[in-house]
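Trainee: Mind looking over this structure? Questions follow.
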Amino acid sequence: MSNPHGRVDLEKQLREIERLRAEMRELPAHEPTVTTRAVAKIINAPQAAILAVGRIAERVVPVDGQPAVRPMLTLSLSCDHRVVDGARGAEFLATVAELVEDPAALAD
């Protein structure tokens with residue numbers, strides 16, 4: 001699921017997640033929403049969370065104490081705290097970030 005530049009094709013991964021989700025048993029009423037539009041979203045019942053996935057862009061980041069240009073991706077999670085505890089949301093977001101950084105881990 002990488003393009004010629006070695007970057008993860010998130011749209012393909014999101015389509016695959018949606019395909020797998022459709023094959024799974026019926027989800028509970030409080031299922032999350034995934035969007036590729038990094039804009040403020042309103043959580044509507046019965047949604048419990050919205051995962052926003054930004055585009056990959058090159059940014060300057062520190063690597064071994066030196067500035068370096070690396071492809072970076074913005075992820076954000078909005079949760080209805082009446083349904084989802086913020087700590088669980090943070091754990092979920094950290095797991096998504098790990099899987100985006102190492103998509104081969106999905107096969108494990």
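Trainee: With θ set to phi - 60°, apply the Karplus curve 6.51 cos²θ - 1.76 cosθ + 1.60 along segment 55-72 and write out the HN-Hα couplings as whole Hz, x wherever there is a Gly or Pro.
Mentor: 3J(HN,Hα) across segment 55-72, in whole Hz: 8, 6, 9, 6, 9, 7, 9, x, 9, 6, x, 10, x, 8, 8, 9, x, 10.
Trainee: Continuing with this model, one more query. What percent of all Cα-Cα pairs in segment 40-108 falls into each 5 Å bin, going from 0 up to the bin containing the maximum distance?
Mentor: Cα pair-distance distribution for segment 40-108, in percent: 3, 14, 18, 19, 19, 14, 8, 4, 1, 0.
Trainee: Further question: Subtracting the Cα-Cα distance from 0.36 nm times the residue separation, let me have the gained length for Ile42 to Asp80 in nm, one decimal.
Mentor: 12.7 nm
Trainee: Describe numerically, in nm with one decimal, the distance between label points set 7 Å from Cα along Cα→Cβ at Arg15 and at Arg70.
Mentor: Once both label points are built, they end up 2.9 nm from each other.
A short reminder: the numbers here are calculations on the coordinates, not readings from a lab. It should be emphasised that the depicted structure is a prediction, and the values quoted were computed from it without experimental measurement. As a convention, Cβ positions derive from the backbone with ideal geometry for all residues, glycine included, and neighbour counts pool all protein chains shown.
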